[in-house]
1. Which of the residues spanning the range 531-579 are of a type outside the set (Lys, Arg), closer than 21 Å to Phe320 by Cβ and surrounded by fewer than 19 Cβ atoms within 10 Å (Cβ to Cβ)?
2. Would you pick out the residues in the range 431-489 that are under 28 Å from Ser528 (Cβ atoms) and of a type in the set (S, T, N, Q)?
3. Asn282 fails exactly one of the following numbered conditions: (1) over 22 Å from Gly423 (Cβ atoms); (2) in contact with a His (Cβ under 9 Å, 6 or more places away or on another chain). What is the number of that condition?
4. For residues in the range 586-608 being part of a strand (DSSP E or B) and hydroxyl-bearing (Ser, Thr, Tyr), which is nearest to the chain's Cα centre (by Cα)?
5. Touching a Leu at 6+ places or on another chain (Cβ under 7 Å), assigned by TED's automatic domain parsing to the domain that holds His56, touching a residue at least 24 places away in the same chain (Cβ under 8 Å) and over 30 Å from Asn511 (Cα atoms) - does that describe any residue in the range 147-162?
6. Residue check: is Val259 of a type outside the set (Lys, Arg), within 30 Å of Ser220 (Cβ to Cβ) and buried (at least 19 other Cβ atoms within 10 Å of the Cβ)?
7. Is there any pair with a first residue in the range 320-345 that is more than 23 Å from Ile251 (Cβ to Cβ) and a second that is in a loop (DSSP other than H, G, I, E, B) and among the acidic types (Asp, Glu) whose Cβ atoms are under 6 Å apart and which are 6 or more apart or on different chains, and what are they?
Amino acid sequence: MEYIKNIKAWIVDLFINKTKRITLITYICLPFLLNIVIEIFNRKSLAKGLKYIFAHPNAFFINAMIILLTFMITVFSRRRIFWLSLVSFAWLMLGFANFILLSNRVTPFNATDILLMKPAIAVIQKYYSSLAIAGVVAFFVVVLLFIVSLWFKAPKLRYKIKYIRNACITAVVVFMTLGTVNLGINTGVLAKNFDNLANAYKSYGFAYCFANSVFNMGVSKPENYSPEKISEIIQNEVTQSETEADTNVPIKTPNIIYVQLESFFDINRISSLVLSENPIPNFTKLKEECSSGFFNVPVIGAGTANTEFEVLTGMNLDDFGPGEYPYKTVLQSTTCESVAYNLKANGWSTHAIHNNDGTFYQRHTVFSQLGFDTFTPIEYMHVTDFTPKNWATDKILTGEILKCLDSSPGQDYVFTVSVEGHGSYPNDQLPENSAVSVLSCSDPGKLNATQYYVNLLHSMDQTIGEMVSAVSSRDEDTILVFYGDHLPSLGYSDSDLSSGTSMQTDYIIWNNMGMNFDFGDVEAFQLSSKILDSLNISTGVINNYHQTYSGSEEYLNGLQNLEYDILYGGRTAYGGLNPYVATNIQYGIDKISITGLLTEEGRDDTLIITGENFTDSSVAYVNDKKQKTEYIDPNHLRVYYSNLQYQDIFKVSQQGSDGVPLGFTEEYVYNQ
């Protein structure tokens, strides 16, 4: 009875004591107010943000409860105003970051984006002017200084904090929040896994979806997972393969080239778009003459690395956490079966090419985990042509592909990732000297941006034609695969398309062997297994699983079981051990080397390093210390270094905008 009396006294005191009454109102109202602001950011519209309250009241309430839960840390401090301000600022920062990203792509802000912060900062000027960036930074610095000042100036609680009582209140809020979340999932108000991240954020709210991306990473353990289940799958694979195998049919060994085209799709699918001419005549012709179809991708408007992941590994991104980039999570610490490993096991040399920074999405380490022998990023290229947004054009890629094909005596697998079609797509003025004009589109406000994008497609299409011509001229069996990684971030939805969906790009398979790849529409995670099956290659557990189980009732569940087992479980599929060893990857095909040093007449603060295959990404080191370096030409670098000493050690590294070294030359020792 005494306990009940104390509770009643506390409740009465809440209504009598003005300070406590204001505190209670703050804790109730502030989460809802913040949630409204965040949802306005999430929809980039005041009206749509307010409408969400009434269209999805249950989801809105759950999101407010999640925000309230984060406020509960403040009840244990006497500096309550400071901590409330800090937590509120953190939520507003997350909401504003989401608003910024949604202004340039379709995919909302999620936890994995935080892991991409460093490379994102490196490319932000391709999206915003220096003045705009400075203004945003200045605003947040002012707000942050204001919050810091609250630490010193904001009043503290004058009464003693009752920690046990507050811990009980916090426990109740935790229980209510988790309870409402679980209830929401069980009743369909929320979902744990999202087929479409953009739609999920709009339906389930930012706070819930972002929190989900923080705690829901990796492949969840399937309910029916067990070593016995994996052994059963593997045994069925072996039995089926032995039944279907024709030992008299050898594997085919052509060169295999994948070209993943940035933000590329058949723009003629936009029903309301009227153009002066077809911007992609080469692609259109290939679609008519070669095996082709829709290509089902896991992302829209961004997320190149996730389409890449599905194509290379055969794993289904739907089984991973919402918005997760496996390149930034699990593949940082483990190798993984891939088409590269499977082809290496059958005699192929494996190469990756990307005309952008090698460190973006951590490809410089991930490609080693996926079995590539070489990786040629932009730091190892002599790029002279760039888009108005300063992305490298794709014309450089044809020559780089040919270098890979010439680098080994046998067959090659070349995985090529383009960047030319990358956003943003400026809408402030019509692009100059446009080869193709947009005569009409459904949204006149996007006409300029659409014309900019259409002309990127036109340029990329010319490269497609050049690649086919270059490969055709070689006397080697070759398969050449083109596909788009996702639709561009121009807001296209299913209603804008005359065929397919916004989660479908297009693919083409060209070959000079007379083969027919009649796959129809293809999931990105099925593409490689289908091509390898056509070549009579069943190497690899995941690859063989697709070839054996595709179309069966347990297909997707069995695939999830294998994914979990291989990446997070006991690796029963491989006998308990990971059979894949990371490659000692070679950066670039052309070896970069130092051949000598020269002095410059009339200067004592510089030296000229002579050598081979330098690029404008070359940086000199002397005695392991980075030096200011100027690129002169492929054979000469100017290094700002005085006081040259006997036995000084010189080497050169290739570095992108983030300054991460991508390999070093052999050391050159000064002996004069």
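1. From the range 531-579, those of a type outside the set (Lys, Arg) are 531-570, 572-579; that's our starting set.
Those left that are additionally closer than 21 Å to Phe320 by Cβ: 540-543, 545-546, 549-550, 554-570, 572-574, 578.
Scanning the range 531-579 gives Ser550, Glu554, Tyr555, Leu556, Asn557, Tyr568, Gly570, Tyr574, Asn578.
2. If the condition is that a residue be under 28 Å from Ser528 (Cβ atoms) and of a type in the set (S, T, N, Q), then Ser459, Gln462, Thr463, Ser469, Ser472, Ser473, Thr478, Ser489 are the ones that fit.
3. (2)
4. Step by step, filter the range 586-608, then rank; the result is Tyr587.
5. Yes, some residue in the range 147-162 is touching a Leu at 6+ places or on another chain (Cβ under 7 Å), assigned by TED's automatic domain parsing to the domain that holds His56, touching a residue at least 24 places away in the same chain (Cβ under 8 Å) and over 30 Å from Asn511 (Cα atoms).
6. So Val259 fails the test.
7. Close Cβ pairs satisfying both conditions: none exist.
Here is a yes/no grid of residues against (1) in a loop (DSSP other than H, G, I, E, B); (2) surrounded by fewer than 24 Cβ atoms within 10 Å (Cβ to Cβ); (3) not basic (Lys, Arg):
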{"site": "Lys328", "(1), (2), (3)": "yes, yes, no"}
{"site": "Thr334", "(1), (2), (3)": "yes, yes, yes"}
{"site": "Thr350", "(1), (2), (3)": "no, no, yes"}
{"site": "Tyr361", "(1), (2), (3)": "no, no, yes"}
{"site": "Ser368", "(1), (2), (3)": "no, yes, yes"}
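The values are calculated or read from the model by the stated rules, or taken from the named source; none is laboratory data. Small disclaimer: the values here were computed from a predicted structure and weren't measured. All Cβ positions, glycine included, derive from the backbone under ideal geometry; neighbour counts span all protein chains shown.
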